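What follows is one structure encoded as structure tokens, with my remarks underneath.
The values are calculated or read from the model by the stated rules, or taken from the named source; none is laboratory data. Bear in mind that the values here come from a model prediction, so they are computed numbers and not experimental data. A quick note on method: Cβ atoms are made from the backbone with ideal geometry, for glycine too, and the neighbour counts reach across all protein chains shown. The area values use the complete protein model at the heavy-atom level, side chains included, leaving out ligands, DNA and RNA. Shrake-Rupley method; radii C 1.70, N 1.55, O 1.52, S 1.80 Å.
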Amino acid sequence: MSTKTTENSAEQMKEYLVSKIRKIVVDEKFKLDAYFLCGAPVSPPNGDLQKAGEKYLEMIDSGKQDEEVTKKLIAEMETILATEPKIQVVGDLVDNRSAIREVFEKREFL
């Protein structure tokens with residue numbers, strides 16, 4: 001496999017993961033509104049994950065690279081995956097743990 005092909009594959013994976021992170025951030029914002037304003041059946045929002053995700057996306061959108069921002073996002077995802085939710089919401093409208101797990105497992109592309 002050529003180096004150019006490998007670079008393209010890595011870049012495509014990064015773009016895919018960034019799209020997943022964008023969705024996770026949107027989901028966390030929705031959970032905040034749904035949980036506190038509507039009382040909808042969603043798992044509790046995670047403000048730390050939302051902030052870390054927003055910071056990471058700001059960094060990506062600016063075209064800069066900051067290892068600390070990336071590490072913070074990875075640490076927040078790891079914390080979520082290491083703990084089982086205290087509340088299991090039946091009919092959860094937004095369960096993004098699988099997306100978080102997927103991004104975390106492929107974190108080397110971030």
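Mind listing whichever residues of the stretch 67-80 are within 21 Å of residue 46 (Cβ to Cβ) and open to solvent by 40 Å² or more (accessible area, probe 1.4 Å)?
Within the stretch 67-80, 68, 71, 72, 75, 78, 79 meet the criteria.
Counting just the residues of the stretch 17-38 that are open to solvent by less than 90 Å² (accessible area, probe 1.4 Å) and not hydrophobic (A, V, I, L, M, F, W, C), which one comes out modelled with the lowest pLDDT?
Only one residue fits best here, namely 35.
Mind checking which residues of the stretch 49-74 are small (Gly, Ala, Ser) and under 18 Å from residue 29 (Cβ atoms)?
Our first condition is that a residue be small (Gly, Ala, Ser); within the stretch 49-74, this holds for 52-53, 62-63.
Across the stretch 49-74, the qualifying residues are 52, 53.
Have a look at 78, 54, 108, 68 and point out the one that is modelled with pLDDT of 90 or more, of a type in the set (Asp, Glu) and in contact with a Phe, Trp or Tyr (Cβ under 9 Å, 6 or more places away or on another chain).
Result: 78 is the single residue among 78, 54, 108, 68 that is modelled with pLDDT of 90 or more, of a type in the set (Asp, Glu) and in contact with a Phe, Trp or Tyr (Cβ under 9 Å, 6 or more places away or on another chain).
Restricting attention to the stretch 82-102, which residues are modelled with pLDDT of 90 or more and within 22 Å of residue 34 (Cα to Cα)?
Hits for the stretch 82-102 are 99, 100.
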